[in-house]
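Novice: First the structure, which I've put down as C-alpha cells, then a few questions once you've had a look.
The values are calculated or read from the model by the stated rules, or taken from the named source; none is laboratory data. What you see is a predicted model, and the numbers here were worked out from it, not measured in a lab. Here Cβ is always computed from backbone atoms with ideal geometry, including for glycine, and neighbour counts include all displayed protein chains.
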Number of protein chains: 2
Amino acid sequence: MLEHRSSHVKLVRMASGTQRGERRADALSKRRIVEAAIAILDAEGERALTFRALAARLATGSGAIYWHVANKDELLAAATDDVIARVMTDAGDGTEPREAVRAIALGMFDAIDVHPWVGAQLSRAPWLTAMPRIFEGIGSRLQALGVPEEAWFDSTSALVNYVLGVAGQNAANARLHGPGTDRAAFLGAIAEQWERLDAARYPFVRRLAGRLADHDDREQFLAGIDLILTGIEAALPDRARQGGHV
Amino acid sequence: MLEHRSSHVKLVRMASGTQRGERRADALSKRRIVEAAIAILDAEGERALTFRALAARLATGSGAIYWHVANKDELLAAATDDVIARVMTDAGDGTEPREAVRAIALGMFDAIDVHPWVGAQLSRAPWLTAMPRIFEGIGSRLQALGVPEEAWFDSTSALVNYVLGVAGQNAANARLHGPGTDRAAFLGAIAEQWERLDAARYPFVRRLAGRLADHDDREQFLAGIDLILTGIEAALPDRARQGGHV
DNA sequence: TGGCCGACTGGAACACCGTTCCAGACCCGA
DNA sequence: TCGGGTCTGGAACGGTGTTCCAGTCGGCCA
C-alpha cells in the first residue's frame, strides 16, 4: 500500500537501465531537493515552502522536482526524517540508561527548537519513517533500564507521545510569532491574557499565569520527562530498581 | 493584539447601534456557522471543510460567512472550543481527584476519537481559547490531589502535553485511513511494516510490532496517564501522599 | 408614510497553491 | 548517426482562502 508513483517508477527503471553517474555537476536529485526544502523551512517557515519557491531556489521548474519527489507530503517526510535521523545518531550513546533517555529527548527538543516545522510534521504524519527511529531510540534505552517486556510498549508510547505533544506545541508557538520575534514577548502576551480570564471559572489558570510568563521551556520539558521516568521506575521489578541495570 | 477584524467591527457597531432581535428565522449567525462546520468536519473530514462547502450547506455565499467569522482559523478554533467546553463540563466532577484527572483525560480522548479534527487543531493552534479550559480542568484537580504550588505548572503541563501528543497522533491516524476504513487493518499494516525493518538497526521496534497490531488505544492512553500520575504522586509531600486530599 | 442608512447577503473575482501535462533537451548504447 | 529513455522547465488545471462590492432587507426618523 501507499506506493509513491515517481519513486516506484524510478526504482523499476533503474533496475532495467544502466547504473550511470551524474549527468551534470548541478544535476537535480532528491538529496539536493530535500536540502533546499530544509533551507527554506528554516529560513522562512512552513508557509514559505511551495513548489514554486523551491523551483526558483533550484533554478528549475516544478515539474522537474516532481520527477524526484512524489508530492509535498513525501518531501516533508524526507526533510523530517533527515533531522530526526541526525538526532538519533548524535544523542544518547554510552551513558547510563536514564541519562540516555533524557539525552535523546533533549536532542529532539533542541532539534525542534531550531526547526519548528519538524514539530508540526511529527504531529501530522509521523508514521511514515520518523516514528520507528524515535521508538527505537527511546524504547531500547528503557529496555536497558530494566523495564519488563510487558511494559515496553506502554512506557515507550507514553514518553513518545509526551515528546510529540511538546513538539506540536513548540511548532504552534513558532507559527504564531514569526521567525523574527522572540518567545518571551509572546509568552508574556499569553500570560496577560490568562490573567484577565474570568476569576470564577479560571481560578487555577490565573494563578499559573505568572509561571507561564517566566518559565524555561527546556527545563519544563525535562521536568515532564523526569515525571514519566519516575512513574516508569516505580513499576520496575525489585531487582532492577536499585542499580538501573538488569 | 490578535484582533479579528469582523468581530471587532461588529462589537463597535453593536455598541453604537440598536439591540435588535433576529432579522429572519433562518438568519446567519456565528453559532449556526460553527454548527454547520462541525457537521461537515465530522461527516467528511477536515479536508472537506471549505468555505464553498460551508456556503453550499448554509445556502449562502462565502462573503456572508466572512461577515460573521474572521477567517478559517477562527472558525476552526471556535469549533474546537465548542467540543472541548462540552468535555470539561461533562467530565470529572464529584469524584476523588486522581479519578477526576483520569475522567477528564478520558473525556478528551473520547471526544477526539469521535472528532479527529479536534486533535489536529489542538496540536496546531490551541492557545487561542481551548488551552485555558484544558489547563483549568486538569490543573485544578492536581491542586486537589495535594500537589504543592511549585509543582503545579510542571505537573499540569506534563499531563496536558501528553494528552495533546496522543490527540495529534489519533488525528494523524484518522487522516491516513479515511472515515470509512477501520483502525485494526490500518494498525496491522503498520505493524507488518515494522516487522520488515532492518533487524540490526531496529531490534526493539521489531519486537514491539506485535503489540502495536493488537493493542487497545484507549487502555494504552490511560496507562500513560497513570504513569505520569504516579510520577507526580511520588513527589508529593508526605502528609498528602496517603489520603489523596490535603 | 416615505426615505435613509447601516446590517447583512451572495456571488464574482483575485492571488496563490499542489499537481499534471507535455514539448523538448540531453546523453547513452547500438 | 540515430533512437529512446532520462530528465528538465514552464504552461495549464482545478481548487483554495480571502476580498470586493452591488444589492437587499428592515427598523428608525422626518
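Novice: Looking only at the stretch B:178-188, decide whether some residue is assigned to a helix (DSSP H, G or I) and within 20 Å of A:LEU164 (Cα to Cα).
Specialist: Checked the stretch B:178-188: at least one residue is assigned to a helix (DSSP H, G or I) and within 20 Å of A:LEU164 (Cα to Cα).
Novice: Suppose we filter B:GLU3, B:GLU22 for residues that are away from DNA strand C (no atom under 12 Å from the Cβ) and either at pLDDT below 95 or touching a strand residue (DSSP E or B) at 6+ places or on another chain (Cβ under 7 Å) (or both); which single one remains?
Specialist: Being away from DNA strand C (no atom under 12 Å from the Cβ) and either at pLDDT below 95 or touching a strand residue (DSSP E or B) at 6+ places or on another chain (Cβ under 7 Å) (or both) holds for just one of B:GLU3, B:GLU22, which is B:GLU3.
Novice: Restricting to helices (runs of 4 or more DSSP H) lying wholly in the stretch A:30-144: which have 3 or more residues that are within 14 Å of another protein chain (Cβ to nearest Cβ) and away from DNA strand D (no atom under 16 Å from the Cβ)?
Specialist: A:72-90, A:97-114, A:116-122
Novice: If a residue must be buried (at least 16 other Cβ atoms within 10 Å of the Cβ) and either at pLDDT below 95 or part of a helix (DSSP H, G or I) (or both), how many such residues does the stretch B:198-212 contain?
Specialist: Qualifying residue count for the region: 8.
Novice: Within the stretch A:79-97, is even one residue touching a residue at least 40 places away in the same chain (Cβ under 8 Å), within 16 Å of DNA strand C (Cβ to nearest atom) and more than 21 Å from B:ALA199 (Cα to Cα)?
Specialist: Taking every residue of the stretch A:79-97 in turn, at least one turns out to be touching a residue at least 40 places away in the same chain (Cβ under 8 Å), within 16 Å of DNA strand C (Cβ to nearest atom) and more than 21 Å from B:ALA199 (Cα to Cα).
Novice: Just the residues that are free of Cβ contacts under 8 Å to residues at least 40 places away in the same chain and either farther than 21 Å from B:ALA144 by Cβ or assigned by TED's automatic domain parsing to the domain that holds A:GLN193 (or both), please, taken from the stretch A:213-227.
Specialist: A:ALA213, A:ASP214, A:HIS215, A:ASP216, A:GLU219, A:GLN220, listed by residue number.
Novice: Mind checking which residues of the stretch B:117-166 are among the polar types (S, T, N, Q), at pLDDT 95 or above and closer than 12 Å to B:THR80 by Cβ?
Specialist: Of everything in the stretch B:117-166, just one residue is among the polar types (S, T, N, Q), at pLDDT 95 or above and closer than 12 Å to B:THR80 by Cβ, namely B:GLN121.
Novice: Does A:PHE221 count as over 30 Å from A:LEU142 (Cα atoms), at pLDDT 90 or above, surrounded by 13 or more Cβ atoms within 10 Å (Cβ to Cβ) and at the interface with chain B (Cβ under 9 Å from one of its Cβ atoms)? Talk me through it step by step, then tell me what you get.
Specialist: Working: over 30 Å from A:LEU142 (Cα atoms): no; at pLDDT 90 or above: yes; surrounded by 13 or more Cβ atoms within 10 Å (Cβ to Cβ): yes; at the interface with chain B (Cβ under 9 Å from one of its Cβ atoms): yes.
The answer is no for A:PHE221.
Novice: Would you confirm, using the coordinates I've provided, whether A:TRP152 is without any contact (Cβ under 8 Å) to a residue 40 or more places away in the chain, crowded, with 18+ Cβ neighbours inside 10 Å and not assigned by TED's automatic domain parsing to the domain that holds A:LEU229?
Specialist: Numbers: without any contact (Cβ under 8 Å) to a residue 40 or more places away in the chain: yes; crowded, with 18+ Cβ neighbours inside 10 Å: yes; not assigned by TED's automatic domain parsing to the domain that holds A:LEU229: no.
No, not satisfied.
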